[in-house]
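Novice: Structure below; questions to follow.
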Amino acid sequence: MEWQERDEVMKAAEEQDIVIVGGGICGLATALALHRKGIKSIVLERSETLRAAGVGIIMQPNGWRALDQLGVASKLRLTAIRIPSGQLIAVEDGKHRELTLGKGEVRCLKRMDLIKALAEPLPMDCVRFECQVLSITLDPLTSYPILRLHDGTIIKAKIVIGCDGVNSIISNFLDINTPKLFSRCATRGFTYYERGHDFGDQFRIYNAANVQLGILPVTDNLIYWFLTRSLTPQDCGGSKKDPAYIKEASVEAMKGFPENTLELIKNSEPTALYLTELRYRTPWDLLRANFRKGSVVVAGDAMHAMCPFISQGGGASLEDAVVLARSLSGKLSEAGNNNNQNHPAGPGRNVMVEEALDLYIKERRMRLFWLSLQTYLIGFTLDNTSKMKKVLGILGLVIVFGDQKGHTDYDCGRL
């Protein structure tokens, strides 16, 4: 950038302390965590209103610990019944096995309930809608990040936190490897039963040769379901947004499944049907990636996109928010105390911010690696295109993850 051009840009730029790119679960949770610590931020969300990419979200004990720290857990507990146990059901022979859910609380939340619970405590001017970030650069003089929006707005921020999902502009800026496409797809939906459903309060997973169906009660009248199967070329085209195709493809894949599960799919709400490709970052990418450049950092799917096989994408994002806000709050308070006590030789605010972001990354990296590795190995076992992959996946899970639900024991700590 030429210096004259830079000066013109800086004159026109709006200045902000902390900018969060993306108003999904992670972005709103991060803004709320910072708000609870008395730190102001703004959230740039490209859609016109609050959005929920998907329908239901399985919240496990580690996620509830983070929600408790954010101050919204009690409210959310009123929206969904507790799921005390689960069953694994083999479609071929009908045999049932216990599905271990771990130690603690499991509920299935409506994503929009979670989004609203995170957004409601925020200041009115915190979330800005219809703000699509096109690019990010660093000011050559101050090293502060500069964001350019689709409407021509320029924002000069002191800190940028990328919570902009799998296709993250902020991750691209940090040169993090693009998420890979998995060989399976996931369909998700809600089915409402006016007179109540007969699935009880259990989490049920039906397994067939190459298809897996999960069923969870949200309330006595609402069921959340998900279906994973092999990805086809048609799934990647425009058909994936067609409710009729989604239902037809799902029912076609479920040959031999119990009749009540087929009816579940057929009666699902057309507006709450989602078919998505599964994208992920490899475990070794998470080990070696540089998640920070200057005062720019990432969180949530922008940092650790993973397949949904252990249902930890949302919970891990909430953990990110708590740890990031705690790290920033501690270092910013330290910087403020140094300034108040007239310590000219102490580290500057910029250095303290970078130290805080490094603390956050250090605390999160290995947690995310193990989540990613477990998900990756489960993916191996589900990929029937290679028997060797299946065997390696099973062996890896048995050797490395003896306790398959150990990941739910994690505590992100106090905010």
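The values are calculated or read from the model by the stated rules, or taken from the named source; none is laboratory data. This one's a predicted model, so the numbers in the text were calculated from it and none came from an experiment. Cβ atoms come from the backbone with ideal geometry, glycine included; neighbour counts cover every protein chain shown. Note: areas computed on protein heavy atoms with side chains; ligands, DNA, RNA excluded. Shrake-Rupley method; radii C 1.70, N 1.55, O 1.52, S 1.80 Å.
Novice: Mind checking which residues of region 166-209 are free of Cβ contacts under 8 Å to residues at least 12 places away in the same chain and hydroxyl-bearing (Ser, Thr, Tyr)?
Specialist: The answer is 178, and nothing else.
Novice: When region 117-154 is examined, which residues are found to be open to solvent by less than 50 Å² (accessible area, probe 1.4 Å), closer than 26 Å to residue 304 by Cα and either touching an Asp or Glu at 6+ places or on another chain (Cβ under 8 Å) or among the small types (Gly, Ala, Ser) (or both)?
Specialist: 117, 119, 127, 131, 133, 135, 145, 146, listed by residue number.
Novice: Does residue 232 fit the bill of being of a type in the set (S, T, N, Q), more than 25 Å from residue 88 (Cα to Cα) and open to solvent by less than 20 Å² (accessible area, probe 1.4 Å)?
Specialist: Spelling it out, it is not the case that residue 232 is of a type in the set (S, T, N, Q), more than 25 Å from residue 88 (Cα to Cα) and open to solvent by less than 20 Å² (accessible area, probe 1.4 Å).
Novice: Okay, moving on. Could you pull out the residue among 227, 275, 213, 222 that is more than 20 Å from residue 184 (Cα to Cα), in contact (Cβ under 8 Å) with a residue 24 or more places away in the chain and among the hydrophobic types (A, V, I, L, M, F, W, C)?
Specialist: Criteria check complete, one pass: 222.
Novice: Could you identify the single residue in 86, 54 that is on the phi > 0 side of the Ramachandran plot and touching a strand residue (DSSP E or B) at 6+ places or on another chain (Cβ under 8 Å)?
Specialist: Numbers: 86 fails: on the phi > 0 side of the Ramachandran plot.
Result of the check over 86, 54: 54.
Novice: Quick check on region 317-327. Is at least one of its residues open to solvent by 10 Å² or more (accessible area, probe 1.4 Å) and assigned to a loop (DSSP other than H, G, I, E, B)?
Specialist: There is no residue in region 317-327 that is open to solvent by 10 Å² or more (accessible area, probe 1.4 Å) and assigned to a loop (DSSP other than H, G, I, E, B).
Novice: Hey, another quick one. Within region 360-415, how many residues are among the acidic types (Asp, Glu) and part of a helix (DSSP H, G or I)?
Specialist: The number of residues fulfilling the criteria is 2.
Novice: Please enumerate the residues belonging to region 118-146 that are small (Gly, Ala, Ser) and touching a residue at least 40 places away in the same chain (Cβ under 8 Å).
Specialist: Selection gives 119, 143.
Novice: If you go through region 278-287 one residue at a time, do you hit one that is in contact with a His (Cβ under 8 Å, 6 or more places away or on another chain) and surrounded by 18 or more Cβ atoms within 10 Å (Cβ to Cβ)? Show your work before the answer.
Specialist: Let us first name the residues in region 278-287 that are in contact with a His (Cβ under 8 Å, 6 or more places away or on another chain), namely 281, 286.
Next, from what is left, pick out any that are surrounded by 18 or more Cβ atoms within 10 Å (Cβ to Cβ): 281, 286.
Yes, that holds for at least one residue.
Novice: Then there is this: Working carefully through the options 252, 263, find the one that is free of Cβ contacts under 8 Å to residues at least 24 places away in the same chain, under 30 Å from residue 386 (Cα atoms) and more than 24 Å from the chain's Cα centre (by Cα).
Specialist: 252
Novice: Output the residues belonging to region 1-41 that are of a type outside the set (D, E, K, R), under 17 Å from residue 353 (Cβ atoms) and either surrounded by fewer than 24 Cβ atoms within 10 Å (Cβ to Cβ) or at pLDDT below 95 (or both).
Specialist: Those that are of a type outside the set (D, E, K, R), under 17 Å from residue 353 (Cβ atoms) and either surrounded by fewer than 24 Cβ atoms within 10 Å (Cβ to Cβ) or at pLDDT below 95 (or both): 16, 18, 38, 39.
Novice: Regarding residue 98, is this residue assigned to a strand (DSSP E or B), at pLDDT below 95 and either among the aliphatic types (A, V, I, L, M) or surrounded by fewer than 23 Cβ atoms within 10 Å (Cβ to Cβ) (or both)?
Specialist: Here the answer is yes, as residue 98 does meet what is asked.
Novice: Using the structure shown, decide if residue 210 is modelled with pLDDT of 95 or more, open to solvent by 40 Å² or more (accessible area, probe 1.4 Å) and polar (S, T, N, Q).
Specialist: Criteria not met by residue 210.
Novice: Would you call residue 74 at pLDDT 95 or above, among the hydroxyl-bearing types (Ser, Thr, Tyr) and within 30 Å of residue 154 (Cα to Cα)?
Specialist: The answer is no for residue 74.
Novice: Specify which of the listed residues (269, 277) is at pLDDT below 95 and more than 19 Å from the chain's Cα centre (by Cα). Lay out the reasoning, then the answer.
Specialist: On the way: 277 fails: more than 19 Å from the chain's Cα centre (by Cα).
Exactly one residue qualifies, and that residue is 269.
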